[in-house]
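The values are calculated or read from the model by the stated rules, or taken from the named source; none is laboratory data. Remember, predicted model here, so these are calculated numbers, not experimental data. With ideal geometry, Cβ positions are generated from the backbone for all residues, glycine too; neighbour counts draw on all protein chains shown. Surface accessibility is based on the protein's heavy atoms, side chains included, excluding ligands, DNA and RNA. Shrake-Rupley method; radii C 1.70, N 1.55, O 1.52, S 1.80 Å.
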Amino acid sequence: MQIFLDTASLKEIKELADMIDGVTTNPSLVAKEGGTFHELLKEICGIVPGPVSAEVLSLEPEGMVREARELAKIANNVVVKIPMGLPGMHAVKQLSQEGIATNVTLVFSSTQALWAAKSGATFVSPFVGRIDDRAGDGMDVVDEILEVYGNYGYETEVIVASVRHVRHVVESALLGADIATVPYKVARQLFEHPLTTEGIDQFLKDWKGVQA
Ligand code: G3P
């Protein structure tokens, strides 16, 4: 399974650049960083060779397509994030014909994911944490999407997004999701286990005991 980092922070991206397979941003994450969106995107794309998602802000298809063309010019690993909905799917259809990679975002159901695939999306992003927040089961939705895509051989890749904890990543891998995009904190936690830390400490202590 590929791991993307869900952040627009250059500091976080630089620290994990050689480990991660891509980056996803959204307007909230970009706003937190300040600076110019296009310059920040260019810098991220220069650090990470894999796909880097950046979102459009327009709400109608023509505006989305216009913004997407501009974003796609910034680097060849830019993936344009388009919000789910009828206007978004019109834009995705057009962009797919132009060979511009898309990531359909704000997906909360398997029917939305079906439309994304039918429209020619490169990636689809179900937001599991936000589904869980509303007492739903985000991973059930991912399971449904994977089954539907498998039934028809859709090539749209599933990015499990709005990941809140390590368990979301475990379940993504068990279900066979293509990608999990994780916040920095979760990415770091994936490397860690208290018994690893304890084991290293004990080995060093024993080793120093012998040397003394
Ligand atoms: O990739 C989507 C993600 O950034 C949303 O996460 O935690 O705001 O629901 P969250």
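Brief remarks on what is shown
- Rounded accessible area per residue of the chain, 1.4 Å, Å²: 53 Å²
- Among the GluC sites (Glu not before Pro) found in the stretch 74-150, those both in a DSSP coil and sparsely packed, with 15 or fewer other Cβ atoms within 10 Å of their Cβ, are E98.
- Cα centre as origin, Lys/Arg/Asp/Glu Cβ charges: the chain dipole, Debye: 400 debye
- Remark: for residue pairs K93/K118; K14/K185; K14/K73; K81/K118; K42/K81; K11/K185, the C-alpha separation exceeds 19 Å in K14/K73.
- When you filter the GluC sites (Glu not before Pro) in the stretch 161-209 for DSSP loop state and at most 15 other Cβ atoms inside 10 Å of their Cβ, you are left with E192.
- Angle in degrees between helix 110-119 and the longest Cα principal axis of the chain, rounded to the nearest 10: 60 degrees
- Relative to one another, the C-alpha centroids of the stretch 141-201 and the stretch 6-67 are positioned 20 Å apart.
- The fraction of Cα-Cα pairs per 5 angstrom bin, counted from 0 for the stretch 2-211, comes to 1, 7, 15, 18, 19, 15, 10, 5, 3, 2, 2, 1, 1, 0, 0 percent, rounded to whole percents.
- Relative to the longest principal axis of the Cα atoms of the chain, the long axis of helix 138-152 lies at roughly 60 degrees.
- Nearest-ten-degree value, helix 166-175 long axis tilted from longest Cα axis of the chain: 60 degrees
- When a 1.4 Å probe is rolled over the protein heavy atoms, the share of accessible surface on the chain that falls to carbon and sulfur comes to 54 percent.
- Taking the chain and dividing mean pair separation by its residue count, relative contact order in percent (alpha carbons under 8 Å, at least six apart): 17 percent
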